[in-house]
1. Please verify whether the range 100-116 includes one or more residues that are touching a residue at least 12 places away in the same chain (Cβ under 8 Å), in contact with a strand residue (DSSP E or B) (Cβ under 7 Å, 6 or more places away or on another chain) and not in a loop (DSSP other than H, G, I, E, B).
2. Just the residues that are out of contact with any helix residue (DSSP H, G or I) (no Cβ under 7 Å at 6 or more places or on another chain) and more than 18 Å from Ala156 (Cα to Cα), please, taken from the range 82-101.
Amino acid sequence: MPPPSSSRIRRALISVSDKTDLVKHRAELAGEIENTYAKLRQLVINLEDLDAAILQFDPDYQVEAIRPKAFRTPKDWSNRSQMTRIILSILRQAAEPLTTRDIALELLISRALDKNDQRLLRLMTKRVGVALRGQRDKSVVQSEQGPGQFMLWEIAR
């Protein structure tokens, strides 16, 4: 039998490496599933405890009739880092400090969203505020009190 060629050995080593990665990935997934089941068990226990507490106040209450309140992402959900990049770009182009609301309005315009939707503007103003506070903590932007409850924001110098 002839000795194995180097390309055949290389292919064998690659497949062993891939197999090792696959086994490692499977083990990680299995661990994540176990953790998820443990969280689920704890959530069920917490729910049963709440049901028992409710029934102590009102034994006739139909706890099963309480509809679950699930988290649903809004249709305008955005990638947080993308939103931060747009916000910083708006601030870089600004000639003067902008309010949180002004930045949110510019963000809506830049993303071609309805700038007249007051509910969406309030939501985006809150998100912009959260993103800006995170950037302020990193000393990327600075703020000062603006009109009303709004802060004035600018790129840190």
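1. Within the range 100-116, one or more residues are touching a residue at least 12 places away in the same chain (Cβ under 8 Å), in contact with a strand residue (DSSP E or B) (Cβ under 7 Å, 6 or more places away or on another chain) and not in a loop (DSSP other than H, G, I, E, B).
2. The answer is Gln82, and nothing else.
Throughout, read-outs are computed from the coordinates displayed, never taken from laboratory work. Bear in mind the structure is a predicted one, so any value in this text is a computation, not a measurement. Here the Cβ is made from the backbone with ideal geometry for all residues, glycine too, and neighbour counts use every protein chain on show.
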